[in-house]
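Below is one structure, written out as structure tokens; comments come after it.
The values are calculated or read from the model by the stated rules, or taken from the named source; none is laboratory data. In this text the structure is predicted, and so the values were computed from the model without any measurement. Virtual Cβ from ideal backbone geometry, glycine too; neighbours counted across all protein chains shown. Side chains included, ligands, DNA and RNA excluded: accessible areas come from the protein's heavy atoms. Shrake-Rupley method; radii C 1.70, N 1.55, O 1.52, S 1.80 Å.
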Amino acid sequence: GQGVQVTLKDGSRKAIESLKAGDVVKGESAFNSVLEVVKPERKSPIVSINQGELILTSDHPIATDAGYKAVDFDSNKSAVKLYGLDKVGKLKVGDTVVTQDGKLEVKSIEVLPENKANPSVTYNLRLDGNKTFYANGVLVRGF
């Protein structure tokens, strides 16, 4: 969502909506170049992890210590094609997500009602390299 802070190669953070092609972001053991910042049409509900620590669509893959998981990856079959991941588990309370500073326990997952999900614009990154980036310090998958 708007305002999500993405970690750049130099360690600084920048709001996802102000990134542009050519920016280099820190990913999982790699630095990846932004090819495009996209505002996809939202097909999936917006979810809040740990009371707003991370806000993203329910089908967005998040790195956990047990592989990539999403709140509801099946809700959007096109996500399989988009992310190139066929094995995405179901993210649930108690899971441990990978962060820049180590690990973080998922304590709450809340599907936001449409009116709370404002701004309803979501952003995603098309990247080179291993297609990963840190959103608010949490390792997530771009495409």
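Things worth noting here:
- Unmet criterion (only one of (1) in contact with a Lys or Arg (Cβ under 9 Å, 6 or more places away or on another chain); (2) farther than 21 Å from Pro113 by Cα; (3) outside any loop (DSSP other than H, G, I, E, B)) for Leu85: (3)
- Any hit, region 66-86, residues being open to solvent by 90 Å² or more (accessible area, probe 1.4 Å) and touching a helix residue (DSSP H, G or I) at 6+ places or on another chain (Cβ under 8 Å): yes
- Listed by first and then second residue, the pairs linking a residue in region 74-94 that is touching a residue at least 60 places away in the same chain (Cβ under 8 Å) and over 14 Å from Thr57 (Cβ atoms) to a residue that is open to solvent by less than 60 Å² (accessible area, probe 1.4 Å) and among the aliphatic types (A, V, I, L, M), with Cβ atoms under 9 Å apart and 6 or more places separating them unless they lie on different chains, form an empty list.
- Count of residues meeting criterion [among the small types (Gly, Ala, Ser), crowded, with 17+ Cβ neighbours inside 10 Å and closer than 16 Å to Ile55 by Cα] in region 1-31: 1
- Filter pass, Gly94 being under 20 Å from Gly67 (Cβ atoms), over 15 Å from the mean Cα position of the chain (by Cα) and open to solvent by less than 50 Å² (accessible area, probe 1.4 Å): yes
- Within region 115-139, the set of residues being farther than 19 Å from Ala21 by Cβ, at pLDDT 90 or above and either open to solvent by less than 40 Å² (accessible area, probe 1.4 Å) or among the hydroxyl-bearing types (Ser, Thr, Tyr) (or both) comprises Gly137, Val138, Leu139.
- Residue among Val37, Val47 that alone is under 13 Å from Val111 (Cβ atoms), of a type in the set (Val, Ile, Thr) and touching a strand residue (DSSP E or B) at 6+ places or on another chain (Cβ under 9 Å): Val47
- Strands (runs of 3 or more DSSP E) (entirely within region 1-71) containing at least 3 residues that are of a type outside the set (A, V, I, L, M, F, W, C): 30-38, 67-70
- Any chance Val34 is farther than 20 Å from Lys14 by Cβ, in contact (Cβ under 8 Å) with a residue 12 or more places away in the chain and crowded, with 21+ Cβ neighbours inside 10 Å: no
- Index of the failed condition, Ser12 passing every other in (1) modelled with pLDDT of 95 or more; (2) over 13 Å from Ala135 (Cα atoms): (2)
- Complete set of residues in region 80-110 that are in contact with a Pro (Cβ under 9 Å, 6 or more places away or on another chain) and either among the hydroxyl-bearing types (Ser, Thr, Tyr) or farther than 18 Å from Pro45 by Cβ (or both): Tyr83, Leu85
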